[in-house]
Structure formats: C-alpha cells, structure tokens
Amino acid sequence: MAEPLDIHCKYSPSSPLINASGCQCATKTMLDTLLDVPGLGSIMTKSATLDPRSGNPEPRYWEDPSGQFTINAMGLPNCGLAYYLDYYKNQGETRGQTRFTSIAGLTMAENLAMLDLLFDPVSSYYKYIDMLEINLSCPNIVGGHGLAGYDLANLGQYLYTLLAKFYDLEQSSSSSNKIRIGLKLPPYYEFNQFDRVVNILKIHNSLTGMASPVSFIHTINSIPNGMVIDAETESPVIKPKDGFGGLGGSIVKPVALANVRAFYTRFKSAGLAEISIIGSGGISSGQDIFEFILSGAEMVSIGSQLMLEGPGCFARMLDELSEIMKKKGYTKLDDFRGQLRQL
Ligand code: DHB
C-alpha cells in the first residue's frame with residue numbers, strides 16, 4: 001500500500017492552505033463558512049482597523065468574466081479589530097484550525113492602539129489567536145500616505161516601534177500563548193528591493209533576538225493600482241480612486257512566484273531560514289500550490305479563487321496536489337519545498 005501523504009506545514013498539522021485576508025472573512029457569517037472546512041488548515045480574518053469602516057463606494061470589486069483576474073479597491077471595509085478578536089474568543093481556547101488575525105492601521109498610532117486592544121487584560125484576546133499579520137500593503141486607501149511596505153527607508157524603524165511594543169505588552173500579560181508575528185508585503189520587482197527588505201529583517205531579528213522577531217512574511221498582496229476599462233461604457237469597472245485598484249487572480253501568479261523565490265533564496269543565504277513564507281497570488285489549482293511550495297513557500301493563501309469557487313476549492317486543490325505528489329513519488333511537502341531546479 002502507498003505511504004499516506006503528509007501535507008502538514010510548520011503552522012498547521014493538517015494543511016498548508018489559508019484564505020487570503022479580505023476573502024470570505026469580513027463578517028461572522030462569512031467566517032463561519034470557513035470553520036472546519038476540509039483542506040483549510042488555518043483561518044485569516046479581514047485586515048482590521050481599530051474602528052469599523054464601511055470602505056469605499058461601490059462598485060469596488062470586479063471579476064474578469066474569463067476568470068483570469070480580479071480588481072478591487074475595497075478600502076478596508078471591516079468590523080473593527082474587537083469584532084474579529086471576539087469571533088475567535090467565542091470559539092474557545094483551542095481550535096483545529098490555526099487562527100490568524102490581520103491588522104492594517106492607517107497610522108502607527110492606530111496599529112499601536114490595536115496592540116493595546118489585543119493585550120487588554122480584561123478581554124485577554126491574546127489567548128485566542130495564534131498568528132498576527134501586520135498588513136504593510138493595503139493599496140486602496142483614498143488619500144492614503146503610501147504603502148509602508150514600499151517605504152524602505154523607514155521600514156526598519158516602523159517594525160521596531162511596533163514589535164518592541166508588542167513584546168512589552170506580551171511580557172506584562174504573562175501570556176503562555178506565544179503569538180507569532182508576520183508581515184503582509186506588497187509585490188517587489190527589483191532585486192535591490194528584495195535585498196533591502198531582507199537586510200531590514202535580518203537587522204530586526206538579530207536586534208530583537210527571541211523577543212520580537214518577524215516569524216513569517218506573506219507575499220504578495222494585490223498588485224497595486226491596475227486599471228480595467230469597459231469599452232462600452234467608456235469608464236473604469238470600479239468606482240473608487242478613479243478606477244485604480246489592486247489586481248489579483250491568475251495573471252499575478254508569475255509575480256507572486258518570483259517574490260516567494262526571491263525571498264526564499266535570500267533568507268537562506270542571510271541565515272534567516274527561520275522566517276516562513278506564505279505564498280499568495282493567483283493560486284487556483286493543486287499545480288499552483290505545488291509550484292509555490294517548490295519555490296519555497298511554507299503555506300499558501302487563496303484569495304480570488306475562493307471568491308470565484310467558494311470554500312469547496314480547498315479540498316479540490318489538495319486532491320490535485322496529492323495526485324501530483326503521488327506521480328512524482330513525494331510523500332510530504334518537505335520532499336520538494338524550495339527545491340526548484342536551475343536550468
Ligand atoms: C484591502 C486591500 C488589500 O489588498 C489589503 O491588503 C487590505 C485591504 C482593501 O481595499 O480593503
């Protein structure tokens with residue numbers, strides 16, 4: 001009999017799949033459709049601000065009829081961080097799925113206030129989440145100040161301010177639950193951008209040691225500021241920001257694979273292999289998952305395909321992945337993770 005396939009990853013014993021933030025995770029009703037879904041090892045909540053936001057005017061999301069891509073300028077519609085933390089708290093202290101929460105404060109002060117809320121001693125939300133993603137790459141804020149993930153001159157200081165505060169709060173909470181921290185990054189294009197981000201992470205993790213390291217990165221967020229035009233109406237297909245919006249779906253996959261690979265190889269040579277990579281961008285099949293893991297991803301997140309197909313996509317994609325692994329004789333993800341060959 002064939003050896004059973006093992007698709008555990010570092011953060012989930014059952015599966016490397018997670019929903020991308022923003023997809024099917026803004027309300028309790030949406031999140032409930034992800035609970036205990038076969039194949040979904042972890043759950044992510046919508047990137048939150050401190051207070052609820054209604055987001056940008058509609059239409060603000062559009063799917064290409066051929067299924068090749070999506071464009072959105074949602075503008076962070078969300079129920080406020082307390083809502084998502086309450087959601088997890090109401091589930092109890094342990095769950096089969098790993099619990100990720102994403103924060104996207106519009107200012108440093110707002111991100112710091114969200115950390116205070118997470119460690120509030122009365123609600124003790126920190127007991128109920130496993131992973132905290134800091135979103136440095138929301139491209140859709142009208143009048144926003146640019147993406148923190150592109151402000152490489154200030155990113156090191158930004159991380160240190162935030163994560164030193166996290167560590168202080170964690171220490172004073174006497175929490176036994178170790179929350180791991182990660183960064184949702186925008187797509188980068190030039191090798192010197194990857195080098196700079198890796199250097200910032202290296203300095204950060206060596207300065208803060210075991211105290212407040214970055215444990216994972218999540219790459220890529222949507223490609224910012226694309227445009228889709230409807231020739232018949234002679235207008236863009238989305239209303240906010242005069243039609244500019246973030247691109248997702250299969251057309252972004254080559255950029256996403258390149259970002260995963262660029263970080264994976266640099267983390268290895270910089271002695272940062274402990275930073276895990278969650279790959280994201282245009283994943284719609286088991287073969288896509290295979291390619292991301294081959295490039296070096298520890299996990300992968302599914303955004304546009306979840307919107308197009310619904311939560312049944314996770315088990316389908318894992319079945320496809322299993323078929324590929326069986327054909328190639330791999331029994332676990334570590335057999336091929338990062339093992340992309342050179343021509
Ligand atoms: C939104 C878009 C993003 O790509 C993101 O990372 C967070 C929020 C949005 O427009 O709501």
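The values are calculated or read from the model by the stated rules, or taken from the named source; none is laboratory data. None of the values given here were measured: they were computed from a predicted structure. Don't worry about glycine lacking a Cβ; one is built from the backbone with ideal geometry, like all the others, and counts go over all protein chains shown. Each accessible area value is taken on the protein alone, full model and side chains, heavy atoms only, with ligands, DNA and RNA left out. Shrake-Rupley method; radii C 1.70, N 1.55, O 1.52, S 1.80 Å.
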What pairs can you find where one residue is in the stretch 321-333 and more than 15 Å from S15 (Cβ to Cβ), the other is assigned to a helix (DSSP H, G or I) and open to solvent by less than 100 Å² (accessible area, probe 1.4 Å), and their Cβ atoms are less than 7 Å apart, with a gap of 6+ or different chains?
E323/G286; I324/G286; I324/F290
Can you confirm whether the stretch 327-338 contains a residue that is in contact with a Lys or Arg (Cβ under 8 Å, 6 or more places away or on another chain) and surrounded by fewer than 18 Cβ atoms within 10 Å (Cβ to Cβ)?
yes
Can you find a residue in the stretch 251-265 that is open to solvent by less than 70 Å² (accessible area, probe 1.4 Å), over 22 Å from S21 (Cβ atoms) and basic (K, R)?
yes
Residue under question is Y11, and the condition is that it be more than 25 Å from P224 (Cα to Cα), at pLDDT 95 or above, within 16 Å of the ligand (Cβ to nearest atom) and buried (at least 21 other Cβ atoms within 10 Å of the Cβ); does it hold?
no
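Please verify whether Y150 is buried (at least 19 other Cβ atoms within 10 Å of the Cβ) and aromatic (F, W, Y), treating the condition exactly as stated. Before you say what the answer is, go through the steps one by one.
Numbers: buried (at least 19 other Cβ atoms within 10 Å of the Cβ): no; aromatic (F, W, Y): yes.
Taking the combined requirement at face value, the residue does not satisfy it.
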Of everything in the stretch 88-110, what is farther than 22 Å from G143 by Cβ, more than 16 Å from the ligand (Cβ to nearest atom), within 20 Å of the chain's Cα centre (by Cα) and not β-branched (V, I, T)? Give them in sequence order.
Y88, R95, G96, Q97, R99
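Given the criteria within 15 Å of the chain's Cα centre (by Cα) and more than 13 Å from the ligand (Cβ to nearest atom), does D120 qualify?
Details: within 15 Å of the chain's Cα centre (by Cα): no; more than 13 Å from the ligand (Cβ to nearest atom): yes.
No.
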Determine which member of the set G296, G281, G286 is at pLDDT 95 or above, small (G, A, S) and farther than 19 Å from K184 by Cβ.
G286
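Each row is one residue, and each column tells you yes or no for (1) within 13 Å of the ligand (Cβ to nearest atom); (2) surrounded by fewer than 22 Cβ atoms within 10 Å (Cβ to Cβ).
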{"position": "S222", "(1), (2)": "yes, no"}
{"position": "F244", "(1), (2)": "yes, yes"}
{"position": "E274", "(1), (2)": "no, yes"}
{"position": "L294", "(1), (2)": "no, yes"}
{"position": "A297", "(1), (2)": "no, no"}
{"position": "S301", "(1), (2)": "yes, no"}
Criterion first (closer than 28 Å to M227 by Cβ and either out of contact with any Pro (no Cβ under 7 Å at 6 or more places or on another chain) or of a type in the set (V, I, T) (or both)) does G143 satisfy it?
yes
